[in-house]
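The values are calculated or read from the model by the stated rules, or taken from the named source; none is laboratory data. Since we're looking at a predicted model, the values are computed, not measured. For neighbour counting, all protein chains shown are included, and Cβ atoms are generated from backbone atoms with ideal geometry for every residue, glycine included.
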Amino acid sequence: MATMPADRSPESTLAFLRDGYRFISDRCDRYGTDVFTTRLLLKRTICLRGRPAAELFYDNERFVRAGATPKRGQRTLTGVGGVQGLDGAAHADRKAMFISIMTPSAISRLGQLFDDEWRARIPIWERSGPVVLYREMARILTRAVCAWAGVPLAESQVNRRTAELHAMIESPVAIGPPHWRGLLGRGRGERWAGDLIERVRAGTLPAPEGTALRVIAEHRDLEGRLLPRRIAAVELLNVLRPTVAVDRFVVFAALALHDHPAWRDRVGESDETTESFVQEVRRYYPFFPVAAARVRRSFDWQGHHFPRGRRVLLDLYGTNHHRALWPSPEEFRPERFTGWRGDPFSFVPQGGGEHLTGHRCPGEWITIELMKRAVTNLTSAMAYDVPPQNLALDLGRMPTLPPSGFVVTDVRRTA
Ligand code: HEM
């Protein structure tokens with residue numbers, strides 16, 4: 001049995017927080033491996049990257065998710081009791097609930113709501129001073145996803161709900177006040193979502209058929225029971241929160257257009273070109289650093305031992321930047337996706353494997369749709385200037401973002 005390379009430090013949590021998205025890849029490169037062991041949050045942890053590793057990681061016979069996500073991540077980002085921590089039949093049942101919401105017509109309806117909100121803002125931006133794209137996108141996406149999900153949202157509540165959803169996204173790895181804001185945001189968000197679920201069940205809030213609010217409120221588990229109010233709230237937030245998080249990808253798309261201006265004209269040449277551009281944004285820019293699981297029962301793989309219960313992290317960012325999979329991975333080259341047939345284990349910005357049977361993100365189609373519309377709006381619906389600002393991405397911050405939030409000025413409507 002080969003000895004698994006081990007990180008030299010006895011406890012690497014601080015190094016993980018410092019090195020961020022590069023933590024696993026740096027060590028893999030250093031030890032000449034795609035698998036090594038370390039200690040994170042006082043627990044022995046196996047780190048993996050690359051295609052064979054992703055294929056292994058998404059094998060449900062070998063890994064479980066229950067107890068894999070550290071508590072601080074559950075208490076802020078994902079919530080406790082949601083689909084992320086389920087396994088087996090309970091996971092399949094809950095996952096089918098999410099997938100049922102993502103019909104092609106529902107996805108394009110969300111895209112249309114997003115476009116409508118965006119285009120309504122252009123005249124306001126034309127008259128305003130500098131516009132921080134990240135902040136604007138967050139509010140636009142909050143309005144669009146609430147309307148789409150059947151969630152009533154008064155204009156006076158938009159900023160508050162957006163801030164709560166953002167706080168959950170920003171806080172899992174953060175320390176101190178940003179983490180506390182995440183806890184607070186989740187508590188308030190779950191109370192709000194729980195009230196909505198109860199009102200739909202009581203018949204006092206009409207929610208159109210097929211909307212996330214209605215589907216989640218009426219979902220019955222394998223024993224035929226409605227989801228407990230708090231779990232249903234977690235699942236409703238599992239639709240709202242990550243859809244608002246697409247604001248980050250929109251900022252990354254704007255950054256890519258800024259850094260590669262030739263793509264401003266090329267991107268609208270065909271639907272395939274727009275999609276290739278969007279895929280490269282999802283591959284190139286850092287969003288989710290890792291996915292976590294635990295070994296279901298002991299096994300050996302490539303001569304390495306994986307003991308039962310051991311926590312395992314798959315490096316999503318590192319797999320998307322793996323030299324063996326992506327030639328010149330540190331170059332932004334949308335052409336690499338032209339004619340690309342798809343591969344569930346080499347391109348994993350939103351997880352890998354199967355959507356229905358595994359833990360791969362059920363919001364991937366939504367994300368791509370929203371990003372395509374965003375790219376079209378940024379290149380065809382409006383013109384703008386990008387003044388000097390700090391656009392550097394800090395890979396030690398998770399999740400990262402250009403510090404300026406991407407400021408644009410002198411917005412002009414062009415369509
Ligand atoms: C903003 C862009 C998004 C990114 C970067 C992203 C990323 C991810 C990642 C990395 C996972 C975990 C995969 C794993 O554990 O193996 C995940 C799971 C999940 N995502 Fe997304 N996601 C995004 C958008 C969305 C959207 C728009 C929705 C819903 C409308 C969504 C809902 C979920 C849910 C419910 C899960 C849990 C799935 C499961 O455990 O079976 N996400 N996402």
(message) Residue pairs, Cβ under 6 Å, 6 or more apart or interchain, first in region 347-362 and touching a residue at least 60 places away in the same chain (Cβ under 8 Å) and within 20 Å of Phe249 (Cα to Cα), second in a loop (DSSP other than H, G, I, E, B) and of a type in the set (Ser, Thr, Tyr). List them.
(response) Gly352/Tyr58
(request) Go through region 204-245 and give me each residue that's of a type in the set (D, E, K, R) and either under 24 Å from the mean Cα position of the chain (by Cα) or within 15 Å of the ligand (Cβ to nearest atom) (or both). (result) Arg214, Arg230, Glu235, Arg241
(request) With the condition kept exactly as written, say whether any residue in region 331-339 is modelled with pLDDT of 95 or more and within 15 Å of the ligand (Cβ to nearest atom). (result) no
(request) Could you tell me whether any residue of region 304-317 is in contact (Cβ under 8 Å) with a residue 40 or more places away in the chain, within 11 Å of the ligand (Cβ to nearest atom) and touching a helix residue (DSSP H, G or I) at 6+ places or on another chain (Cβ under 6 Å)? (result) yes
(request) Could you identify the single residue in Arg214, Arg283, Arg201, Arg264 that is of a type in the set (Lys, Arg), in contact (Cβ under 8 Å) with a residue 12 or more places away in the chain and buried (at least 22 other Cβ atoms within 10 Å of the Cβ)? (result) Arg283
(request) Say whether the condition of being over 17 Å from Asp247 (Cα atoms) and buried (at least 20 other Cβ atoms within 10 Å of the Cβ) is met by at least one residue in region 107-124. (result) no
(request) Quickly run through region 71-94 and pick out the residues that are crowded, with 17+ Cβ neighbours inside 10 Å and either free of Cβ contacts under 8 Å to residues at least 12 places away in the same chain or not in a helix (DSSP H, G or I) (or both). (result) Gln74, Gly79, Gly81, Gly82, Leu86, Asp87
(message) Which of the numbered conditions does Thr45 fail, given that it passes all the others? Conditions: (1) among the hydroxyl-bearing types (Ser, Thr, Tyr); (2) in contact with a His (Cβ under 9 Å, 6 or more places away or on another chain); (3) in contact (Cβ under 8 Å) with a residue 40 or more places away in the chain.
(response) (2)
(request) Go through Gly318, Gly342, Gly353, Gly358 for me and flag whichever is out of contact with any Leu (no Cβ under 8 Å at 6 or more places or on another chain), surrounded by 22 or more Cβ atoms within 10 Å (Cβ to Cβ) and either basic (Lys, Arg) or more than 25 Å from Ala262 (Cβ to Cβ) (or both). (result) Gly318
(request) Inspect all residues belonging to region 369-382 and state whether any of them is under 26 Å from Asp93 (Cα atoms), out of contact with any strand residue (DSSP E or B) (no Cβ under 9 Å at 6 or more places or on another chain) and surrounded by 18 or more Cβ atoms within 10 Å (Cβ to Cβ). (result) yes
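Matching residues to (1) of a type outside the set (Lys, Arg); (2) within 14 Å of the ligand (Cβ to nearest atom):
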{"position": "Lys43", "(1), (2)": "no, no"}
{"position": "Cys47", "(1), (2)": "yes, no"}
{"position": "Phe57", "(1), (2)": "yes, yes"}
{"position": "Gly73", "(1), (2)": "yes, yes"}
{"position": "Phe98", "(1), (2)": "yes, yes"}
{"position": "Leu113", "(1), (2)": "yes, yes"}
{"position": "Trp118", "(1), (2)": "yes, no"}
